[in-house]
Amino acid sequence: MLTFTIRRLFFAIPTLLFIALVIFMLLELAPGDPMANVPLTVPPEVKEQMRQALGLGEPAPIRFWKWIVQFFWIEPLNIFDALFGTSFAEGKLRIISWQNRAPVFIAIAERIPQTLWVVGTAYIVAILIAIPVGIYSAYRQYSVFDQAGTFVTMVGFSVPPFFSGVLVIIIFAVQLKWFPSIYDTTHVVDGWDAFVFQIRQMFLPVMVLALQITSQLSRFMRASMLDNLDQDYVRTARAKGLQERAVVLVHVLRNSMIPVVTVIALGVPQVFGGAIITEQVFKVNGIGQLLITAIQANDLPMVQTVTFIIAVLIVLFNLIADILYGILDPRIRYD
Amino acid sequence: MPDGDTRNVLEVNDLSTVFQTRGGAVHAVNSVSFHVKPGELLGVVGESGSGKSVTMMSLIGLLPSPPAEVRSGEVLLDGEDLLKVSPERLRDVRGGEIGFIFQDPMTSLNPVFNVGFQIMEPIRRHMGLSKAQARERAVELLELVGIPGARARLTDYPHQFSGGMRQRVMIAIALACDPKVLIADEPTTALDVTIQAQILEIVDDLRAKLGMAIVWITHDLGVVAGIADRVMVMYGGQVVEHAPVHPLFNDPRHPYTRALLKTIPSVSGARAKKLQVIEGQPPILGAAPVACPFRDRCPLVFDRCHQQNPLREDVGAGHDVACFHPLAQTGREAVA
């Protein structure tokens, strides 16, 4: 397993470099000018100088190489410095956002907690609901519970968050006034009341996101359980005189979790990537929001970096999914 | 051979099982009765779809319900009716007093747990042993069924065993709690002939050692001839003939039994041009049978067979047959 992991990590390097190149080329091809938002009164030659100052005068391969060096060497040094108080990265140019001339990683570090709080909580809530619902739906297939579950998941799956988000705002924030409609990013949790407020403001976005994720996961869990429930080994387990609970929650569940764990692991990068639409609806200043504003402002370094970080996470969690698969299923051996 | 103990460890009377499907009811088991004594091996034969497995699974509630429903009958295990006991008691019986071996060893073990865990499960459930004691018992069982290096193999997973070895593990699981009755549902069908011979030997050996009653389901008449004390022939969810092993093979009375015996190709003498077959398919009964289920394929069919379902009638010592034809009553002398 260890050799497999090391080999996979090694093979990830060319993959990631290629992904970085593709992202860079795509952004290169995209129309748009970082100076588009500069007032028209600024003379063209000044604008040209500003472009030069951003490094746009250099040929594309040089800019790509510089970004690679910044991302893989200078930014890690900065993180190291921040952690241990050293000064290895002093005087080296970091990846700078074109919007506010501040390092991209500082903006990302500011936004990540918001996204993890809201989207991460939604993901955990969704897993905690979806797995029991999926198990019970499969065990009592076509029961009233299963039918109701199927209906709710179909609705949750097909209603987009820009609709369900606005709907819950109208019902719970405007009409019932139970929860705030806007997420206050500056809110600091420093006591019980502040914590309660945090929970209340998280409630609606978490609900909208969790509904969607639960819908997918519970269907997956149900299908996987159904695949396993009529296997011969289940009959063997019953013939041993085991309790139904042990038959379902030990024998069937362990087998059914194998594909579901893969799906859960592969969904984690999306948590870091944020939920662009839901963050917009509830004004959560997360990564999704950061990415969308960067795209609108033609802030290429920011777009390139955020997209690439998401790509790294996807590659990483693919590997984690494979490792989990190997742990859960003894038939799979990588060495 | 039965050791003079004449009480029945398992007695089944008038058992009927019906499957309620969307396409209508299927009467899979129709008023089946049989019994086994301690140390005795009852062979159950019949072609696929004759209700052998369903009958045995009905005994301990292993059929999924719905669609299966045991309509009537009683299943007496040492006098206790298993169809009337609580689910909790039934679970104690399963694996504890009745062991079950299934047909396909490749799929009957859970692929994600090691065999030690799977053998220890019923031991800990029924015998209440500690983990360490259960482990010792599991080693003992694996040695009993002839798995070399038993202790080291406890932590192996099913995919690390061959088909024959997996079936031995299944047998070890079935025997784990010293059951009174062992039901083996075509345990050698999925195995090749040499492994089959080994498994037969193990079971015969264990029967002598442990003295349990065995119900052996098969469609291989050769296997039955080799190990059974008594044989029950099933067709259309009914018992059509039942006899000690020698009378059944020497003097088969039911046309179906005769036809089955004719299908065995002979290795001596001139080679037959074609293999003998029984034409047609076993029936799927949409209602409780009111006529002989074999009538459509029977060479001896006559009027009465279409109007009435024959009951089992004694025709000799422990030999009974369900057929109206005079031949069934008088035996082979009359044929010649």
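The values are calculated or read from the model by the stated rules, or taken from the named source; none is laboratory data. Worth saying up front: this structure is predicted, and the values here are computed from it rather than measured. When we count neighbours, we look across all protein chains shown, and the Cβ atoms used for this are built from the backbone with ideal geometry, even at glycine.
Okay, residues lined up against (1) buried (at least 19 other Cβ atoms within 10 Å of the Cβ); (2) over 20 Å from the mean Cα position of the chain (by Cα); (3) part of a helix (DSSP H, G or I):
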| residue | (1), (2), (3) |
| --- | --- |
| A:195 | no, yes, yes |
| A:200 | no, yes, yes |
| A:211 | yes, no, yes |
| A:226 | no, yes, yes |
| A:236 | yes, yes, yes |
request  = For residue A:182, work out the one condition from (1) assigned to a helix (DSSP H, G or I); (2) of a type in the set (A, V, I, L, M); (3) under 23 Å from the mean Cα position of the chain (by Cα) it doesn't fulfil.
outcome  = (1)
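Being more than 14 Å from chain A (Cβ to nearest Cβ) and either outside any loop (DSSP other than H, G, I, E, B) or in contact with a His (Cβ under 7 Å, 6 or more places away or on another chain) (or both) is the filter here; which residues of the range B:177-200 pass it?
B:193, B:194, B:195, B:196, B:197, B:198, B:199, B:200
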query = Can you find even one residue in the range B:320-333 that is over 15 Å from residue B:50 (Cα atoms), touching a Pro at 6+ places or on another chain (Cβ under 9 Å), loosely packed, with under 11 Cβ neighbours inside 10 Å and free of Cβ contacts under 8 Å to residues at least 24 places away in the same chain?
reply = no
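Rundown of residues vs (1) touching a Cys at 6+ places or on another chain (Cβ under 6 Å); (2) at pLDDT 85 or above; (3) surrounded by 17 or more Cβ atoms within 10 Å (Cβ to Cβ); (4) closer than 30 Å to residue B:69 by Cα, yes/no style:
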| position | (1), (2), (3), (4) |
| --- | --- |
| B:224 | no, yes, yes, yes |
| B:238 | no, yes, yes, yes |
| B:241 | no, yes, yes, yes |
| B:253 | no, yes, yes, no |
| B:256 | no, yes, yes, yes |
| B:275 | no, no, no, no |
| B:285 | no, no, yes, yes |
| B:311 | no, yes, no, yes |
inquiry  = Going by what's in this entry, would residue B:190 be described as out of contact with any Gly (no Cβ under 6 Å at 6 or more places or on another chain) and in contact (Cβ under 8 Å) with a residue 60 or more places away in the chain?
reply    = yes
ask   = What do you reckon, is residue B:78 touching a helix residue (DSSP H, G or I) at 6+ places or on another chain (Cβ under 8 Å) and of a type in the set (Asp, Glu)?
value = no
task = Filter the range A:250-294 down to the residues that are part of a helix (DSSP H, G or I) and of a type in the set (Gly, Ala, Ser), then identify the one that is surrounded by the most Cβ atoms within 10 Å (Cβ to Cβ).
result = A:256
task = Of all residues in the range A:220-275, count the ones that are closer than 21 Å to residue B:94 by Cα, more than 8 Å from chain B (Cβ to nearest Cβ) and hydroxyl-bearing (Ser, Thr, Tyr).
result = 0
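Restricting attention to helices (runs of 4 or more DSSP H) lying wholly within the range B:76-176, give those where 2 or more residues are touching a Gly at 6+ places or on another chain (Cβ under 8 Å) and under 23 Å from residue B:55 (Cβ atoms).
Details: elements: B:87-93, B:105-108, B:115-122, B:131-144, B:150-153, B:163-175.
Because the criterion is at least 2 residues that are touching a Gly at 6+ places or on another chain (Cβ under 8 Å) and under 23 Å from residue B:55 (Cβ atoms), the helices (runs of 4 or more DSSP H) in the range B:76-176 that meet it are B:87-93, B:163-175.
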message = Within the range B:30-47, does at least one residue satisfy the condition of being in contact (Cβ under 8 Å) with a residue 40 or more places away in the chain and within 13 Å of chain A (Cβ to nearest Cβ)?
response = no
key: Criterion (closer than 23 Å to residue A:264 by Cα and in contact (Cβ under 8 Å) with a residue 40 or more places away in the chain) met by exactly one of A:166, A:125   = A:125
task = Would you mind finding the one in B:240, B:203, B:233 that is among the β-branched types (Val, Ile, Thr), over 13 Å from the mean Cα position of the chain (by Cα) and either part of a strand (DSSP E or B) or within 15 Å of residue B:315 (Cβ to Cβ) (or both)?
result = B:240
query = without any contact (Cβ under 8 Å) to a residue 12 or more places away in the chain and either basic (Lys, Arg) or farther than 24 Å from residue B:208 by Cα (or both), is that true of residue B:23?
reply = yes
request  = For the range A:23-41, enumerate the residues that are among the β-branched types (Val, Ile, Thr) and surrounded by fewer than 12 Cβ atoms within 10 Å (Cβ to Cβ).
outcome  = A:41
query = Out of all the residues in the range B:54-85, which are within 13 Å of another protein chain (Cβ to nearest Cβ) and surrounded by fewer than 13 Cβ atoms within 10 Å (Cβ to Cβ)?
reply = B:66
message = Taking the conditions exactly as written (more than 10 Å from chain B (Cβ to nearest Cβ), surrounded by fewer than 24 Cβ atoms within 10 Å (Cβ to Cβ) and not polar (S, T, N, Q)), does residue A:191 satisfy them or not?
response = yes
task = With respect to residue A:5, determine if the residue is closer than 21 Å to residue A:304 by Cβ, surrounded by 12 or more Cβ atoms within 10 Å (Cβ to Cβ), in contact (Cβ under 8 Å) with a residue 24 or more places away in the chain and among the polar types (S, T, N, Q).
result = no
query = Across the range B:98-109, what is the total count of residues that are more than 7 Å from chain A (Cβ to nearest Cβ) and either at pLDDT 90 or above or in contact with a Phe, Trp or Tyr (Cβ under 9 Å, 6 or more places away or on another chain) (or both)?
reply = 4
Selection within the range B:87-96 - closer than 17 Å to residue B:141 by Cβ and either under 17 Å from the mean Cα position of the chain (by Cα) or among the β-branched types (Val, Ile, Thr) (or both) = B:95
task = Considering only residues that are of a type in the set (S, T, N, Q) and surrounded by 18 or more Cβ atoms within 10 Å (Cβ to Cβ), look in the range A:98-155 and name the one that is nearest to the chain's Cα centre (by Cα).
result = A:115
task = Look through the range B:110-124, keep the residues that are facing chain A (nearest Cβ under 7 Å) and under 25 Å from the mean Cα position of the chain (by Cα), and return whichever of them is farthest from residue B:10 (Cα to Cα).
result = B:110
request  = Can you give me the number of residues within the range B:176-190 that are more than 14 Å from the chain's Cα centre (by Cα), crowded, with 20+ Cβ neighbours inside 10 Å and at pLDDT below 85?
outcome  = 0
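Quick check on this structure: which one of B:65, B:58 is closer than 20 Å to residue B:217 by Cα and either out of contact with any Ser or Thr (no Cβ under 9 Å at 6 or more places or on another chain) or at pLDDT 85 or above (or both)?
B:58
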